[in-house]
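Participant: Below you'll find the structure I mean.
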Amino acid sequence: MWRPYQKVFLSHPRAVNMTYYSHLKHSLKLSAKFGRASVQAFVHAFVPCMFETSSTDAAKDLAEAVTRHQ
């Protein structure tokens, strides 16, 4: 019973040197950043003068956030 739990919930966080909860917190922060970037890109598609650099800024920020935890 314990092995399936470990495989599903713990193997990936351990592989990236994180605990389950630190991985959860990090992933939720990334999700929020992706969500914000998605909304900004959507608005920019219709109103090009808004959020002109937001996609590039978000890509840089997300790349930095991900590589910080490798």
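Participant: Would you please name the residue that is least open to solvent (accessible area, probe 1.4 Å), looking only at residues in segment 1-33 that are touching a helix residue (DSSP H, G or I) at 6+ places or on another chain (Cβ under 9 Å), hydrophobic (A, V, I, L, M, F, W, C) and farther than 16 Å from Arg68 by Cβ?
Facilitator: Leu10
Participant: Just give me the residues in segment 34-70 being under 29 Å from Val8 (Cβ atoms), of a type in the set (A, V, I, L, M, F, W, C) and exposed (fewer than 13 other Cβ atoms within 10 Å of the Cβ), in sequence order.
Facilitator: Scanning segment 34-70 gives Phe34, Ala63, Val66.
The values are calculated or read from the model by the stated rules, or taken from the named source; none is laboratory data. Predicted model, so just to flag it, every value in this text is computed and none were measured. Don't worry about glycine lacking a Cβ; one is built from the backbone with ideal geometry, like all the others, and counts go over all protein chains shown. Just the protein is used for accessible areas: all its heavy atoms, side chains included, with ligands, DNA and RNA removed. Shrake-Rupley method; radii C 1.70, N 1.55, O 1.52, S 1.80 Å.
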